[in-house]
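Engineer: Starting off with a structure, shown below.
The values are calculated or read from the model by the stated rules, or taken from the named source; none is laboratory data. Fair warning: this is a prediction, and the values are worked out from it, not measured in the lab. Note that each Cβ is placed from the backbone with ideal geometry, even for glycine, and that neighbours are counted across all protein chains shown. Accessible surface areas use protein heavy atoms only, side chains included; no ligands, DNA or RNA. Shrake-Rupley method; radii C 1.70, N 1.55, O 1.52, S 1.80 Å.
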Amino acid sequence: IEMRRKERDAKAAAKNTEVAPLLSKVRASTTAVEFDNAMTELTLWLIGTGPPMPPGTGSSFLGSAGTFAGPLPDGFRTRELVVTCKAALEGLPRFKQRAGVPVEGLPDCIETRTNNGICTSAG
């Protein structure tokens, strides 16, 4: 079991090292275009790591190795990845527009009960 844990930790460390430069690009993005390009690279890397975890093999699954040894092993900093992406998106400048007033490059704003006809868009 100890040998499997070391293998899993080594795999997680390797994946964390691979994703670090991509997260740096996401953190450094200051415009919507930079953010989109950085997220595209990160997404392609995630897709390239392999198939997702099969259904029913969540954290409660204890297989022969004790954990799921999938493309993103236990020990991969998933929360850091999510927090970094959210923080970078929220750090982008916000643009406001009124419902019915088209703004080039932004999606149409549709008035709802909660937005009172004012929409905000990142980038």
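Engineer: Tally Lys and Arg at +1 and Asp and Glu at -1 over the other residues with C-beta under 13 Å from the C-beta of Ile1: what net charge comes out?
Structural biologist: Local charge sum for Ile1: +1.
Engineer: Would you list Asp74, Asp108 from the most to the least accessible area, probe 1.4 Å?
Structural biologist: Largest accessible area first, the list is Asp108, Asp74.
Engineer: Apply the Karplus parameterisation 6.51 cos²θ - 1.76 cosθ + 1.60, with θ equal to phi minus 60°, to every residue of region 4-14 and state each ³J(HN,Hα) to the nearest whole Hz, in sequence, with x for glycine and proline.
Structural biologist: 5, 5, 5, 4, 5, 5, 5, 5, 5, 4, 5
Engineer: What FRET efficiency would be calculated for the residue pair Thr17, Val83, taking the C-beta separation as r and a Förster radius of 22 Å, to the nearest 0.05?
Structural biologist: 0.75
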